[in-house]
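The values are calculated or read from the model by the stated rules, or taken from the named source; none is laboratory data. All values derive from a computational prediction rather than experimental measurement. We place every Cβ from the backbone using ideal geometry, glycine too, and count neighbours over all the protein chains shown. Heads up: the accessible areas ignore ligands, DNA and RNA and are worked out on the full protein's heavy atoms, side chains in. Shrake-Rupley method; radii C 1.70, N 1.55, O 1.52, S 1.80 Å.
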Amino acid sequence: MDDSQIIDLYFRRDEAAISQTAAKYGVFCHNLARNILSIDADAEECVNDTYLQAWNSIPPTRPDKFGAWLGRVVRNLAINLWNKNHCKKRYSGMELLLNELEECIPSPGTVEHAIEEKELTGIINVWLASLPKNDRILFMRRYWNGEAVNALAAKCGITQGRLAKRMYRLRQNLKATLEQEGYL
């Protein structure tokens, strides 16, 4: 079933919308949440909350790219749950990702940083667009989807060490771009 048909089920308030969403995007959503949270039960909770949010948001929302919309929802829910439980030190996945990017992205500790968030997003988007397609995909899979270096290396057919060096160079490139724009 294609995305427009699934969305039509939501608009008709047909409960089959949930099962069709789960059949098409369940694995994607679970993997995304699992990469952030590191705990299957919490990832499953986020996926179920994603289905609930889809049910409550559609209608009136009609996402143009349903898969991307679901990805954003599950990622936001997973990050919120990670933040809620972070004081318990239960999660290592998101903490590792944030530590890797820590030297590149400034901390939003002031009002000025909050105001500049939109500009910073624009600079990062331009930087991503300037990358070769393979590097852009790797960066997004690592830092948006939260995929592990060993899994990415296996999918790319290279060693973990080589991929780690490549990711380091990408982070350094991002850092240099941000410094050039006055963000560090």
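Counting the residues of the stretch 46-65 that are open to solvent by 60 Å² or more (accessible area, probe 1.4 Å) and in a loop (DSSP other than H, G, I, E, B) gives 4. What number of residues within the stretch 135-184 are at negative phi and either assigned to a loop (DSSP other than H, G, I, E, B) or among the charged types (D, E, K, R) (or both)? Residues meeting the conditions: 21. Can residue 143 be described as within 17 Å of residue 104 (Cβ to Cβ), surrounded by 11 or more Cβ atoms within 10 Å (Cβ to Cβ) and within 17 Å of the chain's Cα centre (by Cα)? For residue 143, the condition - within 17 Å of residue 104 (Cβ to Cβ), surrounded by 11 or more Cβ atoms within 10 Å (Cβ to Cβ) and within 17 Å of the chain's Cα centre (by Cα) - is met.
When only residues in the stretch 116-140 that are basic (Lys, Arg) and either in contact with a Gly (Cβ under 6 Å, 6 or more places away or on another chain) or under 24 Å from residue 183 (Cα atoms) (or both) count, which is surrounded by the most Cβ atoms within 10 Å (Cβ to Cβ)? Result: 136.
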